[in-house]
Amino acid sequence: KLHSDLDKGVGTVKYTLSGDGAGTVFTIDETTGDIHAIRSLDREEKPFYTLRAQAVDVDTKKPLEPESEFIIKVQDINDNEPKFLDGPYVASVPEMSPVGAYVLQVKATDADDPTYGNSARVVYSILQGQPYFSIDPKTGVIRTALPNMDREVKEQYQVLIQAKDMGGQLGGLAGTTTVNITLTDVNDNPPRFPKSIFHLKVPESSHVGSAIGRIRAVDPDFGKNAEIEYNIVPGDGGNLFEITTDENTQEGVIKLKKPLDFETKKAYTFKVEASNLHLDHRFHSVGPFKDTATVKINVLDMDEPPVFSKPMYTMEVYEDTPVGTIIGAVTAQDLDAGSSSVRYFIDWKNDVDSYFTIDATEGTIATNELLDRESTAQYNFSILASKVSNPLLTSKVNVIVNVLDVNEFPPEISVPYETSVCENAKPGQVIQTVTAADKDLSPAGQRFSFRLSAEASNKPNFTVHDYRNNTAGIETRRNGYSRRQQELYFLPVVIEDSSYPVQSSTNTMTIRVCRCDSDGTILSCNVEAIFLPVGLSTGALIAILLCIVILLVIVVLYVALRRQKKKDTLMTSKEDIRDNVIHYDDEGGGEEDTQAFDIGALRNPKVIEDNKMRRDIKPDTLRFPRQRPPVEDNTDIRDFIHQRLQENDGDPTAPPYDSLATYAYEGNGSVAESLSSIDSLTTEADQDYDYLSDWGPRFKILADMFGEEESYNPDKVT
């Protein structure tokens, strides 16, 4: 309520209100000054309002007092319940945790004024989830309330939490939220086999490495805590089997390590141990985290192929053994209960297998062809054995036959067959050490002996010294040798082996006499070197040969240049204006030799073909009066040239060399006739050029030129 001291209660004062919420939230009675709220107020929306009031004269509208400011504060009431802004919650706690283990802290918010009364004081409690969990009423921390909660018994828990204001008193407002709590796994359970004995049946034909069965131990834990490792306890049959863990199913997979044989052993019994890989030391007191079970395996009998007594057979036979000789035998047996007969045969793969045969019933192997150790020293083939009752069941074994050597080849001297001796050699000097080779397979300790043949023993040139170690030395027996007297010596050497029967051979060695220096180094062994000057060395010979080659190259180049130059002199310049140009390589009679080619026949179609003169001598100068070509023959020039070409092509007297013929026939009808000087039969001195004046004004300049030349010729007699 507002009131001015100037207000006498007679209605002369008017009250006005302005500021926050004036007219919308608050209104004032203009006469009495009473302030009223015209709508509900919410402290959480706006806790206070600042207003201004003034008293005004009703008549003059002027303020009676200065404007005054005042604040209206909204007083809080408990109209907001607590709220969990982060709910619902998800939490986890390990199983088997002790009482009071921390799980989660929740928090509720109350929008009421915490400074006024208990409207914003919140208290927490559990409505659902006891007796497993508890909550601190002030802090909202949730903890475990029971010990040893087992995940394998119950894994998920849903706890309902309440937050109530007014300190939890009656009439307070409350809000709730849900907390989903999961017990996480710990390795608190050992693996256990569901049964103590596992029975497996395995065919004896099972392959090594194949899986023959599976067993499984159950572990109620989860994840890595449930990972199991299986092991075979050493004992009966443990060395024939192995067990591994299937990572996906955690099963123990039993595999075969060695082949099974029903006839040898029909059953195996061993123990398998299952244990956890990841142990938790907190639960060691519970007991060992492993379990053991017994596995019994019964081997099933299968129809199997025959079994050879050996994994491989090795036999020996002498070469050239008669065909049909038995060299050995193979044996296979059917080990099944109902024993069956066995048949043998060779596994044919190539032609080598045809050297032997086998008895189908007894398994004896015999030669089928003569054997030669020098051709093939060892044979390798396969023998197959099959059951008569089931021929499809076969087994295979390898047979190696070694061909033994018979001493049939004599020893021979090893290379080289040729050696040399110096002219200045001394007696007793070793010029070559030789060894022997034998095509036969030499047994251990075989010895070769060396000696000269009987006819060579009496010659005083060379001898053979046997060193008794399968080598021998060729020694000189005289002081010096001469190439001029004898260049080559042939030494027969007899070699014997120690096998039975003894084989020997005579090998001829060629000994060449060579020129050597004082140290015994060979300088030359060629026969031509005997006739060379003594002081001429190899370098000097090479220099002489090089000079000869250079001289030959110079001569060849000189001849080639001469021929090229001669060829160039025969070429005629393109500026040559002669009408008759003939190129050939033989020497002619000069420019006056116009009879080398019948130009007249080319120029004048009426020239008689029979009037031909010799082309190999210089013709005499013939003077005939100048004639005009007949004008009555009007033959086309192309037909004329074609005709002349055919005549020249068919002329057997035409020169065999290439020539250049110029066809410049102007044809009939020319008033000036031909202007070529080649066609003129008179010399230049006898020419009369007066007729040029008769040709008309077109040839006036030509007539004046030749007329002046004739008039000024001092040699001409008029």
Reported set for the range 110-127 where residues are in contact with a Ser or Thr (Cβ under 8 Å, 6 or more places away or on another chain), surrounded by fewer than 20 Cβ atoms within 10 Å (Cβ to Cβ) and not hydrophobic (A, V, I, L, M, F, W, C) is Asp113
In the range 302-350, the residues that are at pLDDT 90 or above, aromatic (Phe, Trp, Tyr) and farther than 30 Å from Glu408 by Cβ = Phe308, Tyr344, Phe345
Tally time: how many residues in the range 136-163 are open to solvent by less than 30 Å² (accessible area, probe 1.4 Å), part of a strand (DSSP E or B) and either under 30 Å from Ala226 (Cβ atoms) or of a type outside the set (Gly, Ala, Ser) (or both)?
-> 6
Can you name the number of the only condition in (1) modelled with pLDDT under 90; (2) within 30 Å of Asn407 (Cβ to Cβ); (3) not hydroxyl-bearing (Ser, Thr, Tyr) that Ile522 fails?
-> (2)
Given the conditions (1) at pLDDT 85 or above; (2) surrounded by 14 or more Cβ atoms within 10 Å (Cβ to Cβ), every one holds for Leu441 apart from (1)
Take the residues in the range 53-68 that are of a type in the set (Asp, Glu) and over 23 Å from Gly21 (Cα atoms), then tell me which one is surrounded by the fewest Cβ atoms within 10 Å (Cβ to Cβ).
-> Asp59
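Residue by residue, here is whether (1) assigned by the TED database to the domain that holds Pro114; (2) surrounded by 17 or more Cβ atoms within 10 Å (Cβ to Cβ); (3) not in a loop (DSSP other than H, G, I, E, B) holds:
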{"position": "Leu2", "(1), (2), (3)": "no, yes, no"}
{"position": "Lys8", "(1), (2), (3)": "no, no, no"}
{"position": "Leu17", "(1), (2), (3)": "no, yes, yes"}
{"position": "Gly33", "(1), (2), (3)": "no, yes, no"}
{"position": "Arg39", "(1), (2), (3)": "no, no, no"}
{"position": "Leu51", "(1), (2), (3)": "no, yes, yes"}
Do we have any residue at all in the range 186-194 that's of a type in the set (Lys, Arg) and either touching a residue at least 60 places away in the same chain (Cβ under 8 Å) or assigned to a loop (DSSP other than H, G, I, E, B) (or both)?
-> yes
Filter result for Val90 (surrounded by fewer than 14 Cβ atoms within 10 Å (Cβ to Cβ), at pLDDT 90 or above and of a type in the set (Val, Ile, Thr)) | yes
Which one of these does Lys83 not meet: (1) in contact (Cβ under 8 Å) with a residue 60 or more places away in the chain; (2) open to solvent by less than 100 Å² (accessible area, probe 1.4 Å); (3) not small (Gly, Ala, Ser)?
-> (2)
Yes or no: Lys107 open to solvent by 70 Å² or more (accessible area, probe 1.4 Å) and at pLDDT 90 or above?
-> yes
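Looking at the range 276-326 only, could you name the residues that are in contact (Cβ under 8 Å) with a residue 60 or more places away in the chain, within 30 Å of Ser354 (Cβ to Cβ) and surrounded by 15 or more Cβ atoms within 10 Å (Cβ to Cβ)?
Restricting attention to the range 276-326, the residues satisfying the condition of being in contact (Cβ under 8 Å) with a residue 60 or more places away in the chain are 276, 278-280, 282-283, 286-308, 310-320.
Among the residues that remain, those that are also within 30 Å of Ser354 (Cβ to Cβ) are: 305-308, 310-320.
Passing the criteria: Pro305, Pro306, Val307, Phe308, Tyr313, Met315, Val317, Glu319.
Does Gln130 satisfy being in contact (Cβ under 8 Å) with a residue 24 or more places away in the chain and open to solvent by 40 Å² or more (accessible area, probe 1.4 Å)? So that I can check it myself, show each step before the final result.
Numbers: in contact (Cβ under 8 Å) with a residue 24 or more places away in the chain: no; open to solvent by 40 Å² or more (accessible area, probe 1.4 Å): yes.
When the stated conditions are applied, Gln130 does not pass them.
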Given (1) assigned to a loop (DSSP other than H, G, I, E, B); (2) at pLDDT below 85, number of the condition Ser354 does not satisfy = (1)
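Among the residues of the range 388-416, count how many are of a type outside the set (Asp, Glu), within 29 Å of Ser449 (Cβ to Cβ) and either under 51 Å from the mean Cα position of the chain (by Cα) or not in a loop (DSSP other than H, G, I, E, B) (or both). Lay out the reasoning, then the answer.
Initial filter on the range 388-416 (of a type outside the set (Asp, Glu)): 388-404, 406-407, 409-411, 413-416.
Filter again for within 29 Å of Ser449 (Cβ to Cβ), leaving 402-404, 406-407, 409-411, 413-416.
From the residues that got through so far, the ones that are either under 51 Å from the mean Cα position of the chain (by Cα) or not in a loop (DSSP other than H, G, I, E, B) (or both) too are 402-404, 413-416.
Residues meeting the conditions: 7.
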Failed item, numbered, when Thr435 is tested on (1) under 30 Å from Glu362 (Cβ atoms); (2) out of contact with any Leu (no Cβ under 6 Å at 6 or more places or on another chain); (3) part of a strand (DSSP E or B) = (1)
Picked from the range 280-311 (must be assigned to a helix (DSSP H, G or I) and not hydroxyl-bearing (Ser, Thr, Tyr)), the residue nearest to Ser196 (Cα to Cα) is Val286
What strands (runs of 3 or more DSSP E), lying completely within the range 212-275, carry at least 1 residues that are surrounded by fewer than 19 Cβ atoms within 10 Å (Cβ to Cβ) and in contact (Cβ under 8 Å) with a residue 24 or more places away in the chain?
-> 228-233, 251-256
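Residues checked against (1) under 25 Å from Asn424 (Cβ atoms); (2) open to solvent by less than 40 Å² (accessible area, probe 1.4 Å); (3) free of Cβ contacts under 8 Å to residues at least 40 places away in the same chain:
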{"site": "Asp466", "(1), (2), (3)": "no, yes, yes"}
{"site": "Thr471", "(1), (2), (3)": "no, yes, yes"}
{"site": "Glu475", "(1), (2), (3)": "yes, yes, no"}
{"site": "Gly480", "(1), (2), (3)": "yes, yes, no"}
{"site": "Arg483", "(1), (2), (3)": "yes, yes, no"}
{"site": "Leu488", "(1), (2), (3)": "yes, no, yes"}
{"site": "Gln503", "(1), (2), (3)": "no, no, no"}
{"site": "Arg515", "(1), (2), (3)": "yes, no, no"}
{"site": "Ile522", "(1), (2), (3)": "yes, no, no"}
Filter the range 448-464 for residues that are of a type in the set (S, T, N, Q) and in a loop (DSSP other than H, G, I, E, B); which is least open to solvent (accessible area, probe 1.4 Å)?
-> Ser453
For Ala425, state whether it is crowded, with 19+ Cβ neighbours inside 10 Å, in a loop (DSSP other than H, G, I, E, B) and among the aliphatic types (A, V, I, L, M).
-> yes
Could we say that Ile400 is more than 30 Å from Glu487 (Cβ to Cβ), surrounded by fewer than 18 Cβ atoms within 10 Å (Cβ to Cβ), not charged (D, E, K, R) and not assigned by the TED database to the domain that holds Asn461 here?
-> yes
Is there a residue being in a strand (DSSP E or B), surrounded by fewer than 18 Cβ atoms within 10 Å (Cβ to Cβ) and basic (Lys, Arg) anywhere in the range 375-387?
-> no
Would the range 204-211 turn up any residue that is surrounded by 15 or more Cβ atoms within 10 Å (Cβ to Cβ), more than 19 Å from Lys265 (Cα to Cα) and in contact (Cβ under 8 Å) with a residue 24 or more places away in the chain?
-> no
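The values are calculated or read from the model by the stated rules, or taken from the named source; none is laboratory data. Keep in mind that this is a model prediction, so the values were computed, not measured. All Cβ positions, even for glycine, are placed from backbone atoms using ideal geometry, and neighbour counts span all protein chains on display. Accessible surface is based on the protein model in full, side chains and every heavy atom, while ligands, DNA and RNA are left aside. Shrake-Rupley method; radii C 1.70, N 1.55, O 1.52, S 1.80 Å.
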